[in-house]
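Remarks on the structure that follows.
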Amino acid sequence: MAVLTIRLWPDEVLRRKAEPVESVDVDVCRVLNDMAETMYRQNGIGLAAPQVGISRRLITLDVPSEEEGEPGSGLILAVNPRITARDGKTVVTEGCLSFPGLEIDITRADHVTVEYLDETGASHTRACEGLLAVCFQHEIDHLDGMVFTDRVGLVRRRLALRDYEKMRRDDA
């Protein structure tokens, strides 16, 4: 496995709609495993292929439990994920590996149903709630060329992007 380079905003790949994966093969599995390694090394809970410069519909997730002592999601490798149902609303403070240091309160569906293929090509339908639902929505947005700052109003977006640019300048 290899650690891939995370693309940072405003890299243009983050705005491209990712291409569907035609078949789950050895190359797709290698990319998914490299993405998982990268996600773990960056202490992330989700990563979409465009974030590592690959414009394909692939995501990795490993969401911790919201309740102490309960198991988390475990590693999910998802090919061509899509949300088929949404319900409820929740406001969550989100971060993104492509916007290091930036956190924004985002309104998301609290429950989603997601369909995807796993690394073996098997089809899954998964009902998700809480942080796992939020994470799927965030990563699937990346596949559609959206970033989390698109989910807030114009004024909040401008302020958030200004703060992000200031953090980047201060780190340089």
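The values are calculated or read from the model by the stated rules, or taken from the named source; none is laboratory data. As the structure is a computational prediction, the values presented were derived from the model and not from experiment. Glycine also receives a Cβ, built like all others from the backbone with ideal geometry; neighbour counts cover every protein chain displayed.
Hey, among the residues in the stretch 2-28 that are farther than 20 Å from G121 by Cβ and aliphatic (A, V, I, L, M), which one's farthest from the chain's Cα centre (by Cα)?
A2
Would you check if there is a residue in the stretch 80-92 being in a helix (DSSP H, G or I), under 24 Å from V13 (Cα atoms) and in contact (Cβ under 8 Å) with a residue 12 or more places away in the chain?
Checking the stretch 80-92: not a single residue is in a helix (DSSP H, G or I), under 24 Å from V13 (Cα atoms) and in contact (Cβ under 8 Å) with a residue 12 or more places away in the chain.
Yes/no per residue for (1) modelled with pLDDT under 95; (2) farther than 21 Å from S23 by Cα:
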| site | (1), (2) |
| --- | --- |
| S65 | yes, yes |
| S73 | yes, yes |
| A78 | no, no |
| I83 | no, no |
| V92 | no, yes |
| R108 | no, yes |
| Y116 | no, no |
| R126 | no, no |
| A133 | no, yes |
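Return yes or no: is R169 modelled with pLDDT under 95 and surrounded by fewer than 20 Cβ atoms within 10 Å (Cβ to Cβ)?
Criteria met by R169.
Given the conditions (1) closer than 21 Å to R151 by Cα; (2) part of a strand (DSSP E or B); (3) polar (S, T, N, Q), which single one is not true for S98?
So the condition that S98 fails would be (2).
Go through the stretch 30-60 and count every residue that is free of Cβ contacts under 8 Å to residues at least 40 places away in the same chain, more than 14 Å from I76 (Cβ to Cβ) and in a helix (DSSP H, G or I).
The total comes to 6.
In the set I59, I104, which member is in contact with a helix residue (DSSP H, G or I) (Cβ under 6 Å, 6 or more places away or on another chain), more than 25 Å from L32 (Cα to Cα) and crowded, with 20+ Cβ neighbours inside 10 Å?
After ruling out the rest, the residue left standing is I104.
Among residues belonging to the stretch 56-81 that are under 14 Å from the mean Cα position of the chain (by Cα) and charged (D, E, K, R), point out the one that is farthest from Y116 (Cα to Cα).
The residue in question is D62.
Of all residues being outside any strand (DSSP E or B) and either touching a helix residue (DSSP H, G or I) at 6+ places or on another chain (Cβ under 6 Å) or free of Cβ contacts under 8 Å to residues at least 12 places away in the same chain (or both) in the stretch 111-135, which is surrounded by the fewest Cβ atoms within 10 Å (Cβ to Cβ)? Just the residue, please.
A122
Of all residues in the stretch 136-151, which are surrounded by fewer than 20 Cβ atoms within 10 Å (Cβ to Cβ) and either charged (D, E, K, R) or at pLDDT below 95 (or both)?
D141, D144, D150, R151
Just checking, which of G53, G69, G88, G46 is surrounded by fewer than 19 Cβ atoms within 10 Å (Cβ to Cβ) and in contact with a Leu (Cβ under 9 Å, 6 or more places away or on another chain)?
G53
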